[in-house]
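> Quick one: this structure, given as C-alpha cells, is what I'll be asking you about.
The values are calculated or read from the model by the stated rules, or taken from the named source; none is laboratory data. Remember, predicted model here, so these are calculated numbers, not experimental data. Don't worry about glycine lacking a Cβ; one is built from the backbone with ideal geometry, like all the others, and counts go over all protein chains shown. What goes into the accessible areas is simple: the full protein's heavy atoms, side chains included, and nothing from ligands, DNA or RNA. Shrake-Rupley method; radii C 1.70, N 1.55, O 1.52, S 1.80 Å.
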Amino acid sequence: VWVAAPDGSMTEDSPEWRWITGQSEEEYTGFGWLESVHPEDRERVERWDADLCRRADVVFTTANPLLEKRRPHNPETHLSLHGVDHQHFARALREDTPVAPEMAGLSKPTLGFFGLIHDWIDLDLIGFLAEQRPNWNIVLIGKPAVDVSRLQRFSNVKLLGRKPYGDLPQYCKAF
C-alpha cells in the first residue's frame, strides 16, 4: 500500500493510501501517516504486525531495522535488499531509447542517481565532487527527504525531482 524508509516514515506518494485515508501526500509524508491511526489503536496495530510475523511461513524485510524488529517474532525473517528491474533499465542501452530532454544538452561525464534522497546519501561528498570537478555534471533524480539546499549553489548539480518510473531509462541513458 505504501513505500516507507527503514525507520517507518512514508517517503513516496501513494494513491492507495490517499484513497483509503483521505490524507494528502503532505499530510502523511514522514510520520504523518500515524495521524490516520487512532492513538488507542496504535498498540493494537503493533500487536497485529507481530502476530502476522509469527503466523507467516517466511518474512522478508528491506532494511536492517525492520529485520531486527520482526526477527524476534519469526526466525524465518530475512533481509532482501532492494533490487532492480533489469529488463526495464536495460532499455537505456538500446539505440531507439532517446535521452530525456532535460539531459540532452549535458556534457560528459555525467554522474547520476535516482531514488529517495535521504540521510543515507552523502550530500557532503556530492558537494565536494561538484566543487572539485566543475566540468562533471551530477544529476540527482528523486524526492528529497532531507535539506538539499547546500547543493543548489553548484551549477553542475542538477536536482531534477521525481520522474515517472517509465521514463527513468531515458535519464539513465545519459549517465
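> What number of residues within the range 155-175 satisfy the criterion of being on the phi > 0 side of the Ramachandran plot and open to solvent by 60 Å² or more (accessible area, probe 1.4 Å)?
Number of matching residues: 0.
> Now for a different question. Regarding residue 89, is this residue in contact with a Gly (Cβ under 6 Å, 6 or more places away or on another chain) and either of a type in the set (Phe, Trp, Tyr) or open to solvent by 100 Å² or more (accessible area, probe 1.4 Å) (or both)?
Values: in contact with a Gly (Cβ under 6 Å, 6 or more places away or on another chain): no; either of a type in the set (Phe, Trp, Tyr) or open to solvent by 100 Å² or more (accessible area, probe 1.4 Å) (or both): yes.
So residue 89 fails the test.
> So, one more: In this structure, is residue 71 out of contact with any helix residue (DSSP H, G or I) (no Cβ under 9 Å at 6 or more places or on another chain) and among the charged types (D, E, K, R)?
No; evaluated as a whole, the condition is false for this residue.
> For the range 42-57, what are the residues that are open to solvent by 50 Å² or more (accessible area, probe 1.4 Å) and either more than 18 Å from residue 9 (Cα to Cα) or of a type in the set (Gly, Ala, Ser) (or both)?
44, 47, 48, 51, 52, 54, 55, 57
> Tell me yes or no: at least one residue of the range 1-12 is open to solvent by 70 Å² or more (accessible area, probe 1.4 Å), farther than 30 Å from residue 138 by Cβ and not in a strand (DSSP E or B). Walk me through it before giving the result.
So in the range 1-12, the residues open to solvent by 70 Å² or more (accessible area, probe 1.4 Å) come out as 1-3, 7.
Those left that are additionally farther than 30 Å from residue 138 by Cβ: 1.
Next cut, not in a strand (DSSP E or B) only: 1.
The answer is yes; a qualifying residue exists.
> Please state which one of 60, 31 is in contact with a His (Cβ under 9 Å, 6 or more places away or on another chain) and open to solvent by 70 Å² or more (accessible area, probe 1.4 Å).
Selected residue: 60, the only one of 60, 31 that is in contact with a His (Cβ under 9 Å, 6 or more places away or on another chain) and open to solvent by 70 Å² or more (accessible area, probe 1.4 Å).
> Among 119, 124, 147, 96, which is the only one that is open to solvent by 90 Å² or more (accessible area, probe 1.4 Å), in contact with a helix residue (DSSP H, G or I) (Cβ under 9 Å, 6 or more places away or on another chain), among the charged types (D, E, K, R) and in a loop (DSSP other than H, G, I, E, B)?
147
> Here are the criteria: (1) exposed (fewer than 15 other Cβ atoms within 10 Å of the Cβ); (2) at pLDDT 85 or above; (3) farther than 24 Å from residue 143 by Cβ. Tell me which single one residue 101 does not satisfy.
(3)
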